[in-house]
1. Can you tell me which residues in region 1-26 are of a type in the set (Val, Ile, Thr), surrounded by 11 or more Cβ atoms within 10 Å (Cβ to Cβ) and assigned to a helix (DSSP H, G or I)?
2. Can you confirm whether LEU42 is in contact with a Ser or Thr (Cβ under 7 Å, 6 or more places away or on another chain) and part of a helix (DSSP H, G or I)?
3. Might you let me know whether region 13-30 holds any residue that is free of Cβ contacts under 8 Å to residues at least 12 places away in the same chain, out of contact with any Pro (no Cβ under 7 Å at 6 or more places or on another chain) and not acidic (Asp, Glu)?
4. State yes or no: is THR29 open to solvent by less than 40 Å² (accessible area, probe 1.4 Å), of a type in the set (S, T, N, Q) and in a helix (DSSP H, G or I)?
5. What number of residues within region 76-95 satisfy the criterion of being in a strand (DSSP E or B) and surrounded by 16 or more Cβ atoms within 10 Å (Cβ to Cβ)?
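The values are calculated or read from the model by the stated rules, or taken from the named source; none is laboratory data. Here the structure is a predicted model, which means the values were calculated and not measured. Here the Cβ is made from the backbone with ideal geometry for all residues, glycine too, and neighbour counts use every protein chain on show. These accessible areas exclude ligands, DNA and RNA; they are computed on the full protein's heavy atoms, side chains included. Shrake-Rupley method; radii C 1.70, N 1.55, O 1.52, S 1.80 Å.
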Amino acid sequence: MNFQDIFSYFQSPPPIYLNREVAVCCILTILIKNGESYGSALMQYVETEYPPYRLSDTVLYNSLNFLTHEGIVTSYWKNFPGRGRPRRMLIIPSSRQNEANQLSKLWLDFLELNSRKYALATI
């Protein structure tokens, strides 16, 4: 290690992988915004819309299993012409929208808190 390695690290830090609790809230935020989605699209969305963060496939599918088991997310199969096999689309039932909104707010608060921490760290 040398000083340039340290500068390089802070100029281009490694991604921050979300844990299951945070991922659940993030996934709900995406589903609220987009109406429906599927697993790999959720991972891609996190990477493009929230650049410092990543969602591993293990955490994603554990989170989706939790949300499905709790009934906050339901799914159905949808064919996409020219895309091969059907995709499992995820949606939030209208009966669970209030809970989803409350959990989504936790993700938005998390983002705001971490952006303030980052701003303070760069002063």
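1. Quick first cut of region 1-26, residues of a type in the set (Val, Ile, Thr) only: 6, 16, 22, 24.
Narrowing further to those that are surrounded by 11 or more Cβ atoms within 10 Å (Cβ to Cβ): 16, 22, 24.
Of everything in region 1-26, those that are of a type in the set (Val, Ile, Thr), surrounded by 11 or more Cβ atoms within 10 Å (Cβ to Cβ) and assigned to a helix (DSSP H, G or I) turn out to be VAL22, VAL24.
2. Details: in contact with a Ser or Thr (Cβ under 7 Å, 6 or more places away or on another chain): no; part of a helix (DSSP H, G or I): yes.
It is false that LEU42 is in contact with a Ser or Thr (Cβ under 7 Å, 6 or more places away or on another chain) and part of a helix (DSSP H, G or I).
3. Of all residues in region 13-30, those free of Cβ contacts under 8 Å to residues at least 12 places away in the same chain come to 14, 21.
Now narrow it down to the ones that are out of contact with any Pro (no Cβ under 7 Å at 6 or more places or on another chain): 14, 21.
If we keep only those that are not acidic (Asp, Glu) as well, we get 14.
Yes, because at least one residue in region 13-30 is free of Cβ contacts under 8 Å to residues at least 12 places away in the same chain, out of contact with any Pro (no Cβ under 7 Å at 6 or more places or on another chain) and not acidic (Asp, Glu).
4. On the way: open to solvent by less than 40 Å² (accessible area, probe 1.4 Å): yes; of a type in the set (S, T, N, Q): yes; in a helix (DSSP H, G or I): yes.
So THR29 fits the description; yes.
5. Residues of region 76-95 that are in a strand (DSSP E or B), as a first pass: 76-78, 87-91.
Narrowing further to those that are surrounded by 16 or more Cβ atoms within 10 Å (Cβ to Cβ): 87, 89-90.
Result for region 76-95: 3.
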